[in-house]
Protein chains: 2
Amino acid sequence: MSDLPKRVHIQEEGPREGFQIEPGPIATADKIRLIEALAETGLDHIQVCSFVSPKIVPGWADAEDTVSGFKAKPGVRYTALWFNESGLNRALAFRDKLAISGSISLTASEGFTKKNLNRTHEENLAAMRKQTALHLSHSVPVRRIGVMAAFGCNYQGDISPTQVISTIEDGLAIAAEAGAEITDISLADTMGWAMPARIERVLGEVRSRWPEKRITLHLHDTRGLAVANAHAAIKMGIDRFDTTVGGLGGCPFAGQKGAAGNICSEELVLLCHEMGIETGVDLDALIEVGRMAEAIVGHQLPSELIHAGSLDAFRKAA
Amino acid sequence: MSDLPKRVHIQEEGPREGFQIEPGPIATADKIRLIEALAETGLDHIQVCSFVSPKIVPGWADAEDTVSGFKAKPGVRYTALWFNESGLNRALAFRDKLAISGSISLTASEGFTKKNLNRTHEENLAAMRKQTALHLSHSVPVRRIGVMAAFGCNYQGDISPTQVISTIEDGLAIAAEAGAEITDISLADTMGWAMPARIERVLGEVRSRWPEKRITLHLHDTRGLAVANAHAAIKMGIDRFDTTVGGLGGCPFAGQKGAAGNICSEELVLLCHEMGIETGVDLDALIEVGRMAEAIVGHQLPSELIHAGSLDAFRKAA
């Protein structure tokens with residue numbers, strides 16, 4: 001008997017993660033071109049932008065133009081990110097084009113919460129209570145708890161599974177109080193601390209505690225272990241991953257300014273296909289989009305696969 | 001019960017693999033500086049150069065000067081590579097400084113043998129018979145069989161475990177005929193076709209056939225799966241890996257000119273240490289040498305870890 005999933009869901013976040021961190025400027029037309037090309041590869045979930053302050057994230061000053069500009073492909077779920085009421089309102093203006101849903105976003109490391117948000121964990125819980133009520137008051141469903149720094153933290157060191165469990169419990173309490181039903185838990189290795197045994201331990205504990213919740217892993221390849229971590233998770237039956245084409249993105253946190261971004265979409269797709277697991281994605285098409293992303297940002301992206309090409313291309317030629 | 005090894009042996013090949021492929025020119029003094037810095041990290045096996053034709057590999061025209069130039073550290077085994085009598089004679093001139101031993105080098109893919117060496121498998125066996133005799137006539141021990149393209153081939157596609165077994169049998173026959181006792185088998189993923197399940201299958205078959213032989217894995221990170229492959233192998237008890245600091249090197253084979261090189265030494269060391277496995281290597285020191293290697297070659301190396309820094313550095317600061 002195997003825990004291997006039949007299908008793995010690739011949640012592409014390249015546009016959102018990538019363009020927020022690139023020094024750019026990246027032309028809006030190029031962002032649109034990338035989003036439209038991604039949709040042609042078979043990906044059915046694409047996070048297209050952040051509705052954030054252009055003062056803080058100048059790379060997303062053109063979020064509205066980008067969302068207005070791309071032609072939506074039927075069957076693809078387009079999402080966006082926001083952190084406050086202003087951002088939510090900007091997203092709601094695109095309710096016809098974007099799938100709008102809320103998230104209770106917490107961090108397993110109080111050290112990170114303080115440095116990143118300048119809040120204590122308690123203050124962050126209060127902010128999330130408010131944000132959950134805000135979402136529900138706009139009839140925006142809140143079904144997801146996100147836990148950042150779930151595997152370790154630059155500011156606090158190792159994070160125990162107990163801290164992760166307790167953070168999820170805090171999120172579930174906020175949801176219950178607000179009358180929101182949580183179906184999804186997302187665990188993020190925000191600063192690249194995960195390794196396979198740690199993945200297995202944390203996932204094991206979360207899953208045995210809440211077997212009915214769907215789990216998404218958000219992995220960063222900060223230290224080169226992201227694919228090994230994904231492999232360990234897939235073997236445990238985890239079937240949802242946030243990824244970025246070409247490995248777009250990076251890590252803005254302490255001491256890691258030049259570090260790699262998220263796990264590369266195409267490397268995860270390759271791994272799945274070689275394991276006999278479907279993704280619905282045309283790998284060779286996705287590799288081409290990775291090369292397009294590299295041309296758009298104008299520097300080498302971390303993906304090894306976009307430089308080497310897929311195995312199937314060689315199999316066909318052999 | 002666990003198959004995990006207590007200690008993993010890192011066989012550093014950065015200088016040899018890296019400087020043969022860099023467009024350079026790299027100053028001999030820089031090569032020497034890198035070799036000496038590697039020896040200070042706790043690595044006890046460093047492959048320092050190739051004795052090959054300077055017409056074919058101009059990057060190693062200064063092999064003699066490099067080997068003469070570096071100060072050997074007691075306890076470190078320095079090795080070199082050669083492919084013919086001329087190369088062997090050049091290596092033998094450094095018998096006091098280099099550990100000289102021979103290898104029966106075969107390829108599991110006849111397609112690769114033809115393209116890379118312009119020989120049939122039979123012709124390659126004849127060449128290896130001659131080379132084994134040559135080594136023994138110089139009192140150079142031949143204890144190792146190397147199998148290239150053991151997990152797949154750009155020119156032939158997938159390679160079955162049966163082909164790998166049969167290639168090793170060919171090597172053992174050559175050794176037996178020459179009176180050489182083989183203690184080591186090295187399996188190389190020359191063009192980056194391996195993935196974890198394939199690693200497990202091939203290693204499982206080789207090990208159950210020859211349980212007394214030591215196995216080395218030579219992994220390339222051509223498609224980003226090298227660390228996942230190493231992890232799968234370590235979990236099966238494999239404890240010897242060829243690696244390159246910073247991911248120096250590359251892949252000169254069909255369609256992969258811009259592809260990544262070997263698995264990064266420091267990423268494998270990180271993985272081992274996080275698994276509680278010793279390597280004898282000071283990871284932070286090795287990361288510094290990776291940064292030195294990047295400065296020497298003058299372009300970004302594939303290692304993510306040298307850009308992000310180790311976890312222990314953050315643990316200490318937290």
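Contact order, relative form, for chain B: 20 percent (alpha carbon pairs under 8 Å, 6 or more residues apart, mean separation divided by residue count). Computed from backbone phi, the HN-Hα couplings of segment A:50-58 come to 10, 8, 10, 5, x, 5, 7, 10, x Hz, rounded to whole numbers (Karplus: 6.51 cos²θ - 1.76 cosθ + 1.60, θ = phi - 60°; Gly and Pro given as x). Residue A:166 label point (Cα plus 7 Å toward Cβ) to equivalent points in the other copies: 6.1 nm, shortest first. Between segment A:15-53 and segment B:260-310, what's the alpha-carbon centroid distance in Å? What the calculation gives is 31 Å, centre to centre.
Of all aspartates and glutamates in the structure, the ones whose alpha carbon falls short of 16 Å from that of residue A:114, not counting any fewer than 8 places away in one chain, are A:122, A:123. The share of Cα pairs per 5 Å bin across segment A:82-214, counted from zero up to the longest distance, runs 2, 11, 20, 21, 19, 15, 8, 3, 0 percent.
Each peptide in B:160-168, A:94-102 was scored by the mean count of other Cβ atoms within 10 Å over its residues; highest first, the order is B:160-168, A:94-102.
Less than 5 angstrom separates the built amide H of residue B:186 from those of B:145, B:146, B:147, B:216, all sequence-distant by 5 or more or on a different chain. Remark: segment B:9-317 carries a charge dipole of roughly 520 debye about the Cα centre, counting +1 on each Lys and Arg Cβ and -1 on each Asp and Glu Cβ.
Of all the accessible heavy-atom surface of segment B:9-317, with the other protein chains kept in place and a 1.4 Å probe, what percent is carbon and sulfur? Summing carbon and sulfur atoms, their accessible area is 50 percent of the total for segment B:9-317. For segment B:151-164, putting each phi into the Karplus relation 6.51 cos²θ - 1.76 cosθ + 1.60 with θ = phi - 60° gives couplings of 10, x, 8, 4, 9, 10, x, 5, 10, 7, x, 4, 5, 5 Hz, in residue order, rounded to whole numbers and with x for Gly and Pro. Taking amide H positions as modeled 1.01 Å from N, with prolines and chain starts lacking one, no residue 5 or more places away or on another chain lies under 5 Å from residue A:309. Per residue, the convex hull around the alpha carbon atoms of chain B comes to 130 Å³.
Counts of other chain beta carbons within 10 angstrom of each beta carbon in peptide B:234-245 average 0.
Beyond 26 Å in Cα-Cα separation lie the following of the pairs A:213/A:235; B:31/B:73; A:6/B:115; A:55/A:257; B:213/B:235; B:31/B:316: A:6/B:115; B:31/B:316.
Applying the criteria of a DSSP loop state and at most 14 other Cβ atoms within 10 Å to the GluC sites (Glu not before Pro) of segment A:92-140 yields no site. When Cβ neighbours within 10 Å are restricted to other protein chains, what is their mean count per residue of peptide A:293-302? Averaged over the peptide's residues, the number is 1.
When you filter the GluC sites (Glu not before Pro) in segment A:163-224 for DSSP loop state and at most 16 other Cβ atoms inside 10 Å of their Cβ, you are left with A:181, A:212.
The mean of 1/r over all pairs of different alpha-carbon atoms in the protein assembly as shown, once inverted, gives a Kirkwood hydrodynamic radius of 25.7 Å. Accessible surface for segment B:9-317, divided over its residues, is 37 Å² per residue with a 1.4 Å probe. Per the rotation superposing chains A and B, the chain A residue found at the smallest beta carbon distance from the axis is A:228, 2, distance in Å.
Local charge sum around residue A:54 (other residues, Cβ-Cβ under 13 Å, Lys/Arg +1, Asp/Glu -1)? After counting each charged neighbour, the total is -1. Coupling constants for segment A:270-278 follow from the phi torsions by the Karplus curve (6.51 cos²θ - 1.76 cosθ + 1.60, θ = phi - 60°), and in residue order they are 4, 4, 4, 4, 5, 8, x, 9, 6 Hz; glycine and proline get x.
If you build a Gaussian network model of chain B, linking Cα atoms that sit under 10 Å apart, which residue out of B:275, B:191, B:148 swings the most? Result for chain B, Cα springs under 10 Å: B:275 fluctuates most. Rounded to the nearest 20 debye, the dipole magnitude of the protein assembly as shown is 160 debye, with +1 charges on Lys and Arg beta carbons, -1 on Asp and Glu beta carbons, and the Cα centre as origin. Here is the interface size for B with A: some 3200 Å² of accessible area buried, both sides summed, with a 1.4 Å probe.
Taking GluC sites (Glu not before Pro) across segment A:11-90, none is in a DSSP loop with at most 11 further Cβ atoms lying within 10 angstrom of its Cβ. Shape class of segment B:10-108 from the Cα gyration tensor (axes a ≥ b ≥ c, square roots of the eigenvalues): rounded, since a/c falls below 1.5. Counting, for every residue in A:256-264, the Cβ atoms of other protein chains within 10 Å of its Cβ and taking the mean gives 3. For residue B:130, the distances from its label point to the matching points in the remaining copies are 8.1 nm, ordered from shortest, with each point set 7 Å beyond Cα toward Cβ. Taking amide H as placed 1.01 Å from N in the peptide plane, residue B:191 has its amide H under 5 Å from the amide H of B:149, each at least 5 places away in sequence or on another chain.
Placing a label point 7 Å from Cα along the Cα-to-Cβ direction at residue B:57 gives distances to the equivalent points in the other copies of 4.8 nm, listed shortest first.
Only protein heavy atoms count here; under a 1.4 Å probe, residue B:137 has an accessible surface of about 80 Å².
The values are calculated or read from the model by the stated rules, or taken from the named source; none is laboratory data. What you see is a predicted model, and the numbers here were worked out from it, not measured in a lab. Note that each Cβ is placed from the backbone with ideal geometry, even for glycine, and that neighbours are counted across all protein chains shown. Heavy atoms of the whole protein, side chains included, go into the accessibility calculation; ligands, DNA and RNA do not. Shrake-Rupley method; radii C 1.70, N 1.55, O 1.52, S 1.80 Å.
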